[in-house]
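*Asks:* Below is a structure I'd like to ask you about.
The values are calculated or read from the model by the stated rules, or taken from the named source; none is laboratory data. The shown structure was predicted, so the numbers you read here are calculated from the model rather than taken from an experiment. Here Cβ is always computed from backbone atoms with ideal geometry, including for glycine, and neighbour counts include all displayed protein chains. Keep in mind that these areas ignore ligands, DNA and RNA; they rest on the heavy atoms of the full protein, side chains included. Shrake-Rupley method; radii C 1.70, N 1.55, O 1.52, S 1.80 Å.
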Amino acid sequence: MRHKKTRFKLSFFSQIFIKRPFPWGYTLLFTLVFCLSLAVASCNSQLINNSTAKTQNAPSNLTRVIRIGHQPFGALFYLKAKGSLETRLAEIGWSVEWTEFAAGPPILQAIGKGKIDMGYAGVAPPIFAQSDGVPFVYIANDSALPGSIGIIVPQDSPIRTLADLKGKKIAATRKTAGHYLLIRALTQGGLQLTDAQLVDLPPPKAQEAFVRGEVDAWAIWQPFLAQLQETMPVHFLTNSDGLMNDRNFYLASRFFASDFPDIVKIVMGETRQMATWITKNPQPAAEFISARRGMKIATAIMLTKSRRYDVLPIQDRAVEEQQRIAEIFFRLGLLPDRIWIEDVIWKQKLAL
């Protein structure tokens, strides 16, 4: 019996490969590299996902920062030292960056330049900032006490009345509460702005000029007033009683307040708790400021009692008073155009 030989028909591609040998070594190498690349990419993707999850969940990997400007005294100064705001915000992935300023105008300038997100200033700086087009909003205010600001002269100065300021050099920081107090005081003394020489200096420089006798009087607020009284006897020509309500305002960048209202509310809530502690514990608060600023404890107590450390949602009365101040600045030619305070009031409800 003859057996037939089975013939296998090669496919078209097989025939081609037999006739034209293919570099199998390169093919194998390419396949191995490709598989390894997929494996590595998969591992890297998993690592990235894990890392991202850890960053989102762990307070130690903070991704956002709120920048707050404060002055040498006040609830924000205490809040910074206590560190409670950092603890509270770390729970939701935020950190805090603090910057100290000597007065309100540079705080508003920093907000305008996008260098800080929130700050604290007196009655005048926000008005000038609004006129200059700085994008900010009023968030809250504190209450006023007349002893927190005044116009002083050396104890042995012959100047004893506001009318005596005619022709004198008076140190004040332009666009601040001290500037506004000086305007009101000169008017009270029957004088005009042109009857005295305003020497525009920031508080530390103004204090140096006052001590050296380069100016005759100084319109200044706390804590600079208390610090000066430690080393130099002074005479008060007037405080703010009957001339102005020297309150301060908590402010925020309009963009930040719009984008992160919950963070603003947390900051104000922590600030209010701090303010309540200062009010209920004036002695420990004074000891704290004494140690931090190197001032006598008696001076620190006087300083602590010179303000009301409350944090209030912006009040209608405060808005009305700000509008009156803005109108005075406008009539005196210190503002180029009339402004409306209501335009820059934060509309969110602040539960304090």
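*Asks:* Could you list all residues from the range 190-208 that are surrounded by 16 or more Cβ atoms within 10 Å (Cβ to Cβ) and not in a loop (DSSP other than H, G, I, E, B)?
*Replies:* Result: 198, 199, 203, 206, 207.
*Asks:* Does any residue in the range 275-296 that is more than 21 Å from residue 141 (Cβ to Cβ) come within less than 9 Å, Cβ to Cβ, of a residue that is in a loop (DSSP other than H, G, I, E, B) and open to solvent by less than 50 Å² (accessible area, probe 1.4 Å) six or more places away or on a different chain, and which pairs are these?
*Replies:* What qualifies is 289/73; 289/223; 289/295; 293/72; 293/73; 293/223; 295/223.
*Asks:* Could I ask something else about it? Cβ-Cβ under 9 Å, sequence separation 6+ or interchain: first residue in the range 153-174 and under 16 Å from residue 209 (Cβ atoms), partner open to solvent by 70 Å² or more (accessible area, probe 1.4 Å) and in a strand (DSSP E or B). Which pairs?
*Replies:* 153/236; 168/197; 169/197; 170/197; 171/200; 172/200; 173/200; 174/200
*Asks:* From the list 337, 343, exactly one residue is at pLDDT 85 or above, among the acidic types (Asp, Glu) and not in a helix (DSSP H, G or I). Which is it?
*Replies:* Of 337, 343, the one residue that is at pLDDT 85 or above, among the acidic types (Asp, Glu) and not in a helix (DSSP H, G or I) is 337.
*Asks:* Could you please find all residues in the range 64-99 being among the aliphatic types (A, V, I, L, M), closer than 26 Å to residue 301 by Cβ and surrounded by 15 or more Cβ atoms within 10 Å (Cβ to Cβ)?
*Replies:* 75, 76, 79, 85 - these are the residues of the range 64-99 that are among the aliphatic types (A, V, I, L, M), closer than 26 Å to residue 301 by Cβ and surrounded by 15 or more Cβ atoms within 10 Å (Cβ to Cβ).
*Asks:* Let me ask something else about it. Which members of the range 216-253 meet the condition of being under 14 Å from residue 140 (Cα atoms) and either surrounded by fewer than 17 Cβ atoms within 10 Å (Cβ to Cβ) or touching a Ser or Thr at 6+ places or on another chain (Cβ under 8 Å) (or both)?
*Replies:* 247, 250, listed by residue number.
*Asks:* Of everything in the range 246-291, what is assigned to a helix (DSSP H, G or I) and among the small types (Gly, Ala, Ser)? Give them in sequence order.
*Replies:* Selection gives 257, 258, 269, 275, 285, 286, 290, 291.
*Asks:* Pick from the range 292-303 the residues that are part of a helix (DSSP H, G or I) and closer than 14 Å to residue 73 by Cβ: which of them is most open to solvent (accessible area, probe 1.4 Å)?
*Replies:* Taking the candidates together, the pick is 292.
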